[in-house]
Amino acid sequence: MSVKRDWVMEQGSERETDPLSEEMLHSTYAVDNVSDTQVTGEAEKKLRLDLERYRALYESERRFRITFEATPVGVSHIGLDGKLLLVNQGFCDLIGYTHEELYERTFVDITYVEDRMADTAFVERALAGDRQPYVREKRYIHKNGSLVWVHLVATLARDDDGNPLFFISVVM
C-alpha cells in the first residue's frame, strides 16, 4: 500500500489544530492500488479526519456564499490597490453594473469625485494601522450616470498577524 501526503503532522503532536487552518486545508493524498478494506489503522483515521475537514470547509463556504449573495444590502471586498475583488448582487443592483464590469474597476472609479478624498484618506489611515471602522454617507456613480446615495460601513480585514488583506464594504 502506498499512501502519500503533501504535509505531515509532527509525530506525537497533541496540539489542537483548527480544522480549517492553512496547514489542514492543504492535505491531499495519492493512494495507489489499494482497496477500501486495505486502508486501515492510522491512515484510515487520517483520511476520515481530512474528509470531515473538507466537509466542514465545504459547508462553511456554502453558508458564506448564501449569506453573501442573499443579503439585500451591497457587500464588496476591495483589494489593497482599490480594485473590486468580490461583489454581491445587491451591490450590482445598487449601482447598475454587472459583476464582470465591476471587477474591471476600482472603488475610486465608481465613487463621486467629491467623495473620493475622504475614502482614500480612510484607506491610508487603515493601511497605516488605524483599526476604526469607516462609517459615512457617500455617493456612487450609477452606470446610467446618476448619483446613488448610500450609507457605507467599511473596515480593513487583516490576517492573524495583523497584516492587511482586503477591505470589506457594506452599503445600503
Surrounded by fewer than 14 Cβ atoms within 10 Å (Cβ to Cβ), without any contact (Cβ under 8 Å) to a residue 40 or more places away in the chain and closer than 20 Å to Thr106 by Cβ: does that describe Glu137? no
Looking at region 77-89, I want the residues that are not assigned by TED's automatic domain parsing to the domain that holds Ala154 and have a partner that is assigned to a strand (DSSP E or B) and modelled with pLDDT of 95 or more with Cβ atoms under 6 Å, at least 6 apart or on another chain. Which pairs are those? none
Within region 92-113, tally of residues that are touching a residue at least 60 places away in the same chain (Cβ under 8 Å) and over 18 Å from Val123 (Cβ atoms): 1
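Conditions tested, residue by residue: (1) surrounded by 14 or more Cβ atoms within 10 Å (Cβ to Cβ); (2) of a type outside the set (A, V, I, L, M).
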residue: Ala70; (1), (2): no, no
residue: Val73; (1), (2): yes, no
residue: Ser76; (1), (2): yes, yes
residue: Leu85; (1), (2): yes, no
residue: Leu94; (1), (2): yes, no
residue: Glu101; (1), (2): yes, yes
residue: Thr111; (1), (2): yes, yes
residue: Arg116; (1), (2): yes, yes
Would you check if Val31 is on the phi < 0 side of the Ramachandran plot and modelled with pLDDT under 55? yes
The listed residue being in contact with a helix residue (DSSP H, G or I) (Cβ under 8 Å, 6 or more places away or on another chain) and at pLDDT 95 or above, out of Leu94, Leu156: Leu156
Sole exception among (1) within 21 Å of Leu86 (Cα to Cα); (2) without any contact (Cβ under 8 Å) to a residue 60 or more places away in the chain for Ala118, by number: (1)
Just to verify a result, which residue in region 140-160, among those that are more than 13 Å from Met172 (Cβ to Cβ) and small (Gly, Ala, Ser), is surrounded by the fewest Cβ atoms within 10 Å (Cβ to Cβ)? Gly145
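The values are calculated or read from the model by the stated rules, or taken from the named source; none is laboratory data. Quick caveat, the model's predicted, so the values are computed rather than measured. A quick note on method: Cβ atoms are made from the backbone with ideal geometry, for glycine too, and the neighbour counts reach across all protein chains shown.
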